[in-house]
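Worksheet for the structure shown next.
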Amino acid sequence: MKKSRPILWILIIAAVASAGYYGWEKFRSAGTTRTAQKAPPRPSAIPVSVAPVQKTDFPVYLTGLGTVQGFNTVQVRSRVDGQITRLEFKEGQIVQQGELLVSIDPRPYQAALDQAKAKKAQDEANLANANLELQRAMKLGEFSTAQRVDTQRSTVAQLTAQIAGDEAAIVNAQTQLDYTQIKAPITGVAGLRQVDVGNIVNASTQTGIVTISQVEPISVIFTAPEDQLPYISEGQKAGALKVIAFTTDGKKTLAEGKLAVINNQVDTTSGTIRLKAVFENKDHALWPGQSVSTRLLVRTLKDATVVPDDAVQHSTNGLYAYTVNQDNKAELHKIKVRYAIDGRSVVDEGLTPGQQVITGGQFKVQPGSVVSTAVASSDPAQKKVRQE
């Protein structure tokens, strides 16, 4: 009994110590939990992309759709009747003005020319004989009657006029013979031939032999809204306006040219005005009949406030944009946009140059939200995007 009492007391002391330690830990964890519940949560920064509001010159373009036309287009036809003996051109090749294209059988026209020349020679011989008869009659003096002299003079005059007619017939026959050699009237690209060798062509038929289109320079016909006509006319006074031709999807630039003609009337049904631009087209990027997208530089706004299009947001109350202040917090600004071209927008109200506008990540942003920004760097040695 005396030996078991110390052991009992040791067990009691150990149990009390364990219970006290357990209670202390539970109390401390509960206090930590209450402290954590009382402390407000720290908001995490929202990652966004930003860009500066710039003050710069802004070119104003009018976009539209146009059709490429040959600067000059000629359908080559025969001016005489006959059989085609040779085709001197290849389809799709560039032919020069005056270059031989088609040969027609010349023999009937050569015979007509020879006949006209022979007729002239015959009449010249008759004229020479008539002149001799006139000289004889005049030498006889009083032994020749006046009637004979006058008759002979009339014969000489008739033969002289007949020779003039023979010369005209020779010119006409020579012209008909020249028409058997069909030459290119302009420099351009030859299209698909419509008549083959061996066929008979007639001057009266409307079917041509080939079509030639001039592609250097070349023209584009397009339209613009009638309300822009005053700006176009005003710009034309200062010089020819620049026109850029793109592919129909607007992704590839084809050529740059100048506005040449403003049509003399507005289309009342569509409210547009037809315009004609001329392009040098040295590389043949434009082709007759091709559909293109056009941009006409109407004017340039000086010192305009410009932001990326991605910064402009839409709502039921109008347009707005978020900026980032010095505390890295988002601020909402209602804005008014005048033009939006090539990924940039001109802002008339709501923003000032130098501000940082949010261009990406706006779907998570609210006014007053803390943000972490990433901006584009213009230094090629730096990364394209740097964190701030």
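The values are calculated or read from the model by the stated rules, or taken from the named source; none is laboratory data. The structure displayed is predicted, hence computed values, not measured ones. Don't worry about glycine lacking a Cβ; one is built from the backbone with ideal geometry, like all the others, and counts go over all protein chains shown. Quick note on the areas: whole protein, heavy atoms, side chains included, nothing else; ligands and nucleic acids left out. Shrake-Rupley method; radii C 1.70, N 1.55, O 1.52, S 1.80 Å.
List the number of the failed condition for Thr207; all other conditions in (1) among the hydroxyl-bearing types (Ser, Thr, Tyr); (2) out of contact with any helix residue (DSSP H, G or I) (no Cβ under 8 Å at 6 or more places or on another chain); (3) farther than 30 Å from Phe246 by Cα; (4) not in a loop (DSSP other than H, G, I, E, B) hold.
(4)
For (1) in contact with a Leu (Cβ under 7 Å, 6 or more places away or on another chain); (2) modelled with pLDDT of 90 or more, each residue gets a yes or a no:
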site	(1), (2)
Gly235	yes, no
Thr253	no, yes
Ile262	yes, yes
Leu296	yes, yes
Val307	yes, yes
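Under the condition of being in a strand (DSSP E or B) and open to solvent by less than 40 Å² (accessible area, probe 1.4 Å), which residue from segment 349-359 is farthest from Ser49 (Cα to Cα)?
Filtering segment 349-359 down to residues in a strand (DSSP E or B) leaves 349, 356-359.
With the extra rule that they be open to solvent by less than 40 Å² (accessible area, probe 1.4 Å), the set shrinks to 357-359.
Values: Val357: 8, Ile358: 6, Thr359: 5 Å.
Across segment 349-359, the extreme among qualifying residues is Val357.
Inspect segment 360-369 for any residue being open to solvent by less than 60 Å² (accessible area, probe 1.4 Å), β-branched (Val, Ile, Thr), more than 30 Å from Leu297 (Cβ to Cβ) and modelled with pLDDT under 90 and give the result as yes or no. First the steps, then the outcome.
Quick first cut of segment 360-369, residues open to solvent by less than 60 Å² (accessible area, probe 1.4 Å) only: 360-362, 365, 368-369.
If we keep only those that are β-branched (Val, Ile, Thr) as well, we get 365.
After this cut, where a residue has to be more than 30 Å from Leu297 (Cβ to Cβ) as well, the list is 365.
From what is left, the residues that are modelled with pLDDT under 90 are 365.
Yes, that holds for at least one residue.
I'd like the full set of residues that are of a type in the set (Ser, Thr, Tyr) and within 12 Å of Val324 (Cβ to Cβ), limited to segment 337-373. Explain how you work it out, then say what you get.
Here is the first cut: in segment 337-373, the residues of a type in the set (Ser, Thr, Tyr) are 339, 345, 352, 359, 369, 372-373.
Hits for segment 337-373 are Thr359, Ser369, Ser372, Thr373.
Going through segment 60-70 one residue at a time, which ones are surrounded by fewer than 16 Cβ atoms within 10 Å (Cβ to Cβ) and either modelled with pLDDT of 90 or more or closer than 30 Å to Thr373 by Cβ (or both)?
The answer is Leu65, Thr67.
Filter segment 44-59 for residues that are among the hydrophobic types (A, V, I, L, M, F, W, C) and open to solvent by 40 Å² or more (accessible area, probe 1.4 Å) and give the result.
Start the filter on segment 44-59 by keeping residues that are among the hydrophobic types (A, V, I, L, M, F, W, C), which leaves 45-46, 48, 50-51, 53, 58.
Within segment 44-59, just Ala45 meets the criteria.
Okay, residues lined up against (1) touching a residue at least 60 places away in the same chain (Cβ under 8 Å); (2) among the small types (Gly, Ala, Ser):
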site	(1), (2)
Asn202	yes, no
Gln228	yes, no
Ile262	no, no
Val266	no, no
Gly271	no, yes
Arg295	yes, no
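Out of all the residues in segment 188-204, which are assigned to a loop (DSSP other than H, G, I, E, B), modelled with pLDDT of 90 or more, open to solvent by 40 Å² or more (accessible area, probe 1.4 Å) and closer than 23 Å to Asp105 by Cβ?
Within segment 188-204, Arg193, Gln194, Asp196, Val197, Asn199, Asn202 meet the criteria.
I'm trying to understand the selection: among the residues of segment 69-97, which are of a type in the set (D, E, K, R) and over 17 Å from Gln110 (Cα atoms)? Show your work before the answer.
Filtering segment 69-97 for residues of a type in the set (D, E, K, R) gives 77, 79, 81, 86, 88, 90-91.
Correct list: Arg77, Arg86, Glu88, Lys90, Glu91.
Val243 - would you say it is touching a helix residue (DSSP H, G or I) at 6+ places or on another chain (Cβ under 9 Å), surrounded by 12 or more Cβ atoms within 10 Å (Cβ to Cβ) and either of a type outside the set (S, T, N, Q) or assigned to a loop (DSSP other than H, G, I, E, B) (or both)?
On the way: touching a helix residue (DSSP H, G or I) at 6+ places or on another chain (Cβ under 9 Å): no; surrounded by 12 or more Cβ atoms within 10 Å (Cβ to Cβ): yes; either of a type outside the set (S, T, N, Q) or assigned to a loop (DSSP other than H, G, I, E, B) (or both): yes.
No.
Which condition breaks for Thr211 when tested against (1) under 25 Å from Ala112 (Cα atoms); (2) buried (at least 17 other Cβ atoms within 10 Å of the Cβ); (3) touching a strand residue (DSSP E or B) at 6+ places or on another chain (Cβ under 7 Å)?
Condition not satisfied by Thr211: (1).
Listed here are the residues, each with its yes/no results for (1) within 12 Å of the chain's Cα centre (by Cα); (2) within 26 Å of Thr187 (Cβ to Cβ); (3) assigned to a strand (DSSP E or B).
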residue	(1), (2), (3)
Gly250	yes, no, no
Glu256	yes, yes, yes
Asn263	no, no, yes
Ala285	yes, yes, no
Val292	yes, yes, yes
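Taking the residues in segment 304-326 that are over 34 Å from the mean Cα position of the chain (by Cα) and free of Cβ contacts under 8 Å to residues at least 12 places away in the same chain as candidates, determine which candidate is surrounded by the most Cβ atoms within 10 Å (Cβ to Cβ).
Looking at the filtered set, the residue picked out is Asn325.
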